[in-house]
Amino acid sequence: LGFEFLFGIIGTGTMRCQLLPILIFHSAATVHGAGPWFPVPEFEVNLDLAPEQRFTQVIQHFNASLWNLFDNLMPKPVLNMLVKKISSKRGPENDELQGEIRGVAQLSGLSEEAIHAAQMLYEINTLMVPWINTSWPWSNNAEGNVSPARLGDKAWPWLPLHFGCTGIVAVDKQSGTVSHARNLDFEMSKYLQPLVYVGIFTSAGKELFRSQMVAGYSSVLTGMRKGPNGYTIEINTRFMNHDSGAKKLWQHLFTEKRDLSGWIKRKVLQEIPDYEGAVHAFSSTPYAATEYNIISGVKKGTILAREPDGLAYELPLDISKQDYVIMTNFDYIWHDLRERFDPTSTAGFGKSRREGAQRILNKTDVITPQILFDVINNPVTFAKSTIFQAVMNVETGLWNVSLPACKECGGSADTTILV
């Protein structure tokens with residue numbers, strides 16, 4: 001889909017590059033898989049500022065990388081046509097989000113339509129790739145169709161596009177604490193990883209929550225709300241049924257104009273301080289598309305498989321037969337055959353990242369944060385396009401985040417496989 005081009009995100013305030021978090025694990029000799037790891041730039045996002053002013057320092061810092069992404073997508077006439085059509089059909093967002101979009105456009109020099117269209121990336125990628133042709137919902141003529149021939153040679157490196165993420169919530173039997181490990185995988189990683197940062201969202205001078213972000217994109221993909229009953233949240237793509245799911249997605253995005261998933265996560269993190277309240281909101285709030293929500297708290301955790309209008313199913317940690325629950329991008333409990341065609345694993349085509357991780361976890365007596373870090377970096381779990389990693393623990397306050405040297409980012413992976 002010629003859409004991944006628009007992934008970017010927002011943040012603002014004071015930049016703080018921190019090396020300490022990644023040193024927690026990355027000096028360990030037992031780590032296998034990707035490497036080396038790099039620190040994630042950190043910015044304060046002051047929610048007391050006007051929406052247009054929140055991401056000034058973020059865009060100033062990342063603007064060259066943002067333009068580098070757009071300059072390596074596809075012919076400009078096709079790109080401009082797409083973003084104008086998408087933005088127009090969607091219509092304006094709520095005042096706060098539209099203000100942020102407007103501010104990023106003004107700061108970056110990119111069009112407001114392009115930044116607006118970028119906000120719908122996560123919903124649209126649930127249609128699963130590759131797409132040879134896709135018909136947009138607003139037109140029956142040639143303008144409504146996008147194909148490799150129309151995109152031109154410049155788009156071919158991104159076709160087909162591949163997506164993949166891994167989330168694990170596990171309990172340490174010795175300490176009783178629950179940790180959450182996540183790999184965020186996206187195609188075009190060479191251009192997207194240089195846009196990743198951590199936003200520390202504040203109000204009245206205090207941190208409300210923190211989130212992994214991508215410059216130009218206002219929504220949350222990985223977040224943590226600290227506190228005695230705080231929580232973490234990870235969003236994973238859950239691929240929908242092409243035939244009926246696509247029609248519903250267009251309806252939700254362009255007719256009903258439902259709030260975007262990552263924006264919903266951001267508002268929940270901002271307004272709901274407790275795990276139970278967050279799980280309820282993530283379970284019941286209408287979404288535009290299908291997705292997985294992986295959540296951890298103090299001695300608890302769960303995975304929610306979401307349909308747009310509610311839960312498809314839930315995998316709570318406390319009733320799991322193992323000391324963990326895990327999810328990538330497929331309904332493995334229903335034997336989703338698409339998992340067998342997953343092209344993202346560094347272990348080879350068709351190798352299930354979930355099964356690879358489970359083989360390691362099932363041979364582990366005690367699942368510590370260090371073990372989780374090793375698992376998500378093992379080639380059986382690590383994807384070719386993993387652009388961000390996190391190991392989090394609400395009870396201990398652990399927020400260990402890093403940018404791995406993924407294969408498609410220009411890095412390389414260790415060949416040691418623990419099975």
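The values are calculated or read from the model by the stated rules, or taken from the named source; none is laboratory data. Predicted model, so just to flag it, every value in this text is computed and none were measured. Cβ sites come from the backbone with ideal geometry, for glycine too, and all protein chains shown count toward neighbours. Just so you know, the surface numbers come from the protein's heavy atoms only, side chains and all, with ligands and any DNA or RNA stripped out. Shrake-Rupley method; radii C 1.70, N 1.55, O 1.52, S 1.80 Å.
Seen from residue 229, the other residues with C-beta closer than 14 Å to its C-beta sum to a net charge of +1, counting Lys and Arg as +1 and Asp and Glu as -1. Based on protein heavy atoms only, segment 252-382 ends up with 37 Å² per residue of surface accessible to a 1.4 Å probe.
By how many nm would the segment from residue 257 to residue 48 lengthen if fully extended, with 0.36 nm per residue of separation less the alpha-carbon distance? Can you show the working numbers first?
Working: separation 209, 0.36 × 209 = 75.24 nm, distance 2.66 nm.
My answer for the length gained is 72.6 nm.
If R0 is taken as 30 Å, the Cβ-Cβ distance between residue 299 and residue 340 corresponds to a FRET efficiency of 0.30. With θ taken as phi - 60° and the Karplus curve 6.51 cos²θ - 1.76 cosθ + 1.60 applied, the whole-hertz 3J(HN,Hα) list for segment 213-229 is 10, 10, 4, x, 10, 7, 9, 8, 10, 9, x, 8, 10, 6, x, x, 10 Hz, x standing for glycine and proline. Sequence-ordered 3J(HN,Hα) estimates for segment 346-359 from the Karplus curve with 6.51, -1.76 and 1.60 and θ = phi - 60° stand at 6, 7, x, 4, x, 7, 6, 4, 4, 5, x, 5, 5, 4 Hz, glycine and proline given as x.
Carbon-plus-sulfur fraction of the accessible area of segment 87-126, 1.4 Å probe, in percent? Before the final figure, lay out the partial values.
On the way: 530 of 1210 Å².
Whole-percent figure for carbon plus sulfur exposure: 44.
When the accessible area of segment 261-419 is computed with all protein chains present and a 1.4 Å probe, what percentage of it is carbon and sulfur?
Details: 3160 of 5780 Å².
Summing carbon and sulfur atoms, their accessible area is 55 percent of the total for segment 261-419.
Arranged from highest to lowest average of other beta-carbon atoms within 10 Å per residue, in what order do the peptides 223-236, 356-369 appear? Don't jump to the answer; show the numbers that get you there.
Numbers: 223-236: 23.3, 356-369: 17.4.
Per-residue mean Cβ counts within 10 Å order the peptides as 223-236, 356-369.
Between residue 95 and residue 247, the modelled label-to-label distance comes to 3.8 nm, taking each label 7 Å out from Cα in the direction of the beta carbon. Within a straight-line Cα-Cα reach of under 26 Å, residue 267 can be paired with the following lysines, leaving aside sequence neighbours fewer than 8 residues apart in one chain: 89, 206, 226, 248, 257, 299, 300. Placing R0 at 22 angstrom, the Cβ-Cβ distance between residue 311 and residue 274 gives a FRET efficiency of 0.70 after rounding to 0.05.
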